[in-house]
1. Rounded, prolate or oblate, given the Cα gyration tensor of the range 114-243, with a/c below 1.5 counting as rounded?
2. May I ask you to evaluate 6.51 cos²θ - 1.76 cosθ + 1.60, the Karplus curve with θ = phi - 60°, for each residue of the range 126-143 and list the ³J(HN,Hα) values in order in whole Hz, giving x for glycine and proline?
3. GLN260 label point, 7 Å along Cα→Cβ, cut-off 14 Å on backbone N: hits in the range 331-347?
4. May I ask you to evaluate 6.51 cos²θ - 1.76 cosθ + 1.60, the Karplus curve with θ = phi - 60°, for each residue of the range 206-215 and list the ³J(HN,Hα) values in order in whole Hz, giving x for glycine and proline?
5. Indicate the gyration tensor shape class of the range 13-155 (rounded, prolate or oblate), computed on the Cα atoms with a ≥ b ≥ c the square roots of the eigenvalues: a/c under 1.5 is rounded; otherwise a/b larger than b/c is prolate and the rest oblate.
6. Under a Cβ-Cβ cut-off of 9 Å, what is the net charge of the residues other than CYS342 that fall near it, where Lys and Arg count +1 and Asp and Glu count -1?
7. Please give, to one decimal in nm, the separation of the simple spin-label points placed at SER152 and GLU95, each 7 Å out from Cα toward the Cβ.
8. 222 nm [θ] for the chain, helices only, -39500 (n - 2.57) per DSSP H run of 4+, per residue, to 500?
Amino acid sequence: MSSFHHIKIAGIEQTTNDCVLITLDVPTHLKDTFAYQHGQYLTFKAVINDEEVRRSYSLCSSPLDETWQVGIKRIPGGKFSTYANTQLHVGDTLEVMPPQGHFTKAIDPSHPSQYLMIAAGSGITPIHSIIKTQLGSEPLSTVTLFYINQSSSTIILKESLEALKNQYLGRLRIFHFLTRENQAAELFNGRIDSEKLSILFDSVCDVNHIDDYFLCGPESMIHLVKDFLNDQNVADSKIHFELFGTSADSAQEKKEEIKQQFSGKTCDLTIQEGGRSLDITVPQGEGNVLDAALDNNADLPFACKGGVCATCKAKLVEGNVEMLLTYGLEQDEIDNGYILTCQAVPTSERCVVDFDI
Ligand code: FES
């Protein structure tokens, strides 16, 4: 069930020219509701120029500090990010959904783990939360961070990362890669590619000694690193990633195929949510479950509508759907019938989707 809460802004800090860190003043009665794990994100809702806009941003703070802080980088043309960077003030109220997301790792204080994190740009926000929490809770663990930015002036959370390096001397190593500024060592100039990864894993860290990998950045970077690690026989269970944006090409292709295959057929769709039931008839092979329900005045949870955040997750209890993108689901969730309703195209005569399970 969508549950936005009104929360005041306690602080706004400009971390780079185009990125603000917003700290929320979560009231005492909502602290349990907003309890979070390192690496999770918050979804915000605002009416901007008469249009409702929802966006998700990762928490960069650590639950250890009992603070709730997100980093919002201004994207050219980005409605919410521009609003956050130019219109918001301390004391303003935001509508915020409680924390969500699976980009996290259970804490084990007794185990000496080695973590490798790779972040690009604002992909540092959940990674910062994970670093701060893992190092603060696991005294025997170490972290190596590869952090890619355009130039030194665009490095988000730079001071905080340096402070963490000093606080956890010898346990946090940070390697900055700059794409539009030259550094003395050629290896650290430009984007990360397979050749660089080979050199880094030969010289900086050993694939065989890393317990978990955390990757956050654009899809192309995630795929490159994940493919490289898989080639080195690193199991998928060790590779955790969070995407920023998705490539729509493959989804578009699949969409066309499904449309052709099921053209002319209809589906009796039942949506169960909050103890209520909504019955509608929709075309098979077209649209998606979420939009069909929203068009019929259902009040359902959603945020990205891009298959990433999983806010719209529900269980398919009867019938068939085809999902265009499934980034927001784990394989075991898919196996157990969970679907991302914003990506689920009905493909049977009857479908029942339950948001309450
Ligand atoms: S709304 Fe984000 S995955 Fe559906």
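1. rounded
2. Listing the rounded values in order: x, 5, 4, 5, 5, 4, 4, 7, 5, 5, x, 10, 10, x, 9, 8, 10, 10 Hz.
3. It comes to no residues whatsoever.
4. With coefficients 6.51, -1.76 and 1.60, one gets 9, 3, 6, 9, 8, 7, 9, 10, 10, 10 Hz.
5. Judged from the Cα gyration tensor, the range 13-155 comes out oblate (a/c at least 1.5, b/c at or above a/b).
6. Result for the local shell: 0.
7. 4.4
8. -6500 deg cm²/dmol
Bear in mind these aren't lab numbers, they're just calculated from the coordinates by the rules spelled out. Not measured: the values here are computed from a predicted model. Virtual Cβ from ideal backbone geometry, glycine too; neighbours counted across all protein chains shown.
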